[in-house]
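The values are calculated or read from the model by the stated rules, or taken from the named source; none is laboratory data. Note that the structure is predicted; figures quoted are calculated from it, not measured. Note that each Cβ is placed from the backbone with ideal geometry, even for glycine, and that neighbours are counted across all protein chains shown. Please note that ligands, DNA and RNA were not included when accessible areas were found on the heavy atoms of the full protein model with its side chains. Shrake-Rupley method; radii C 1.70, N 1.55, O 1.52, S 1.80 Å.
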Amino acid sequence: EAVLEELPTEPSPGPWQERMVESALALRQVLVNHPNALALFATRPAVTPPSLGHVERVLALLDAAGFSRNEALTYLNALVALVVGHTIATATPRAPSEAPAADYAALDPARFRHVREAASLLPTQDPRRELELAIETLVRGMELRRRQASRANQRAPAASPKRPKSAT
C-alpha cells in the first residue's frame, strides 16, 4: 500500500491521451522504485485505498473521454497488464547466476540473421522508452476504436417507435 501512495493523486491537465500515458508511466516508475514489490503487485487485486484511488482516477478519465464502463475497465486492465508485465520483464532484480548468457554471435548467421542483428542493439535499448511507445500505441488504438464506434452509432438508423396493434 505504501508503494502506491507515491502515485500522483491529482490528474494533470491536458488531453486524456496524454494523461493516460502519464498515469501509466507514473505507475511504472513507482514499480521500478520498488522492484521487490513487483510480484506482490502483479498478483493482488486492487483493494487498498491507494490502489483503488489509482483505479478510480483512470476510470474517471476514460469515462470523461466517452468510453463505456465496460470499455474503460477493459482498457484499464490491458494498460495495467502492459505496465506490470513489461516492468517485471525489465526491472525485476536478478542474481548474477540468473542473468541470461546468450551468445548471439555464436548463432548461425544464415538461420538467425535478424536475431543476431537485433541482439547487437540490446545494449542501446531503453526500457522506459520502449514501454512508453507501447502505451502510446495502445492509447492511439483506444482512441481509434472510440471514434469508429462513435461514427457507427451516428450512422445507425434510429429505431422507429413501435405502433400499437390495431384492434380490427
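Listing for the model above:
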{"quantity": "Test item: Cα-centred dipole of the chain, Lys/Arg +1 and Asp/Glu -1 on Cβ, debye", "calculated": "1300 debye"}
{"quantity": "Cβ crowding within 10 Å averaged over residues, with 35-41, 48-54 ranked highest first", "calculated": "48-54, 35-41"}
{"quantity": "Helix runs (DSSP H) in the chain reaching 27 Å along axis by Cα, Kyte-Doolittle at least 0.0", "calculated": "69-91"}
{"quantity": "Within a Gaussian network of the chain (alpha carbon springs, distance under 10 Å), most fluctuating of D63, D108, D126", "calculated": "D108"}
{"quantity": "CD proxy at 222 nm, helix term only [per DSSP H run n ≥ 4: -39500 (n - 2.57); per residue of the chain; nearest 500]", "calculated": "-19500 deg cm²/dmol"}
{"quantity": "Accessible solvent surface per residue of the chain, calculated while the other protein chains remain in place, 1.4 angstrom probe, Å²", "calculated": "70 Å²"}
{"quantity": "Ordering of 127-136, 75-84 by packing [mean C-beta count within 10 Å, highest first]", "calculated": "75-84, 127-136"}
{"quantity": "Point-to-point label distance, R140-L73, nm (Cα→Cβ direction, 7 Å offset)", "calculated": "3.0 nm"}
{"quantity": "Selection from Q17, H54, V32 lying farthest towards where the dipole of the chain points positive, charges on Cβ", "calculated": "Q17"}
{"quantity": "Heavy-atom accessible area ranking, 1.4 Å probe, most first, across T87, T43", "calculated": "T43, T87"}
{"quantity": "Segment 62-133, accessible surface, carbon-and-sulfur percent (1.4 angstrom probe)", "calculated": "57 percent"}
{"quantity": "Residues V32 and L107, FRET efficiency given R0 of 30 Å [Cβ-Cβ distance, rounded to 0.05]", "calculated": "0.45"}
{"quantity": "GluC sites (Glu not before Pro) within segment 1-67: DSSP coil, no more than 13 neighbouring Cβ in 10 Å", "calculated": "E1"}
{"quantity": "Listed residues A110, P127, S97: farthest to the positive end of the dipole of the chain (Cβ charges)", "calculated": "A110"}
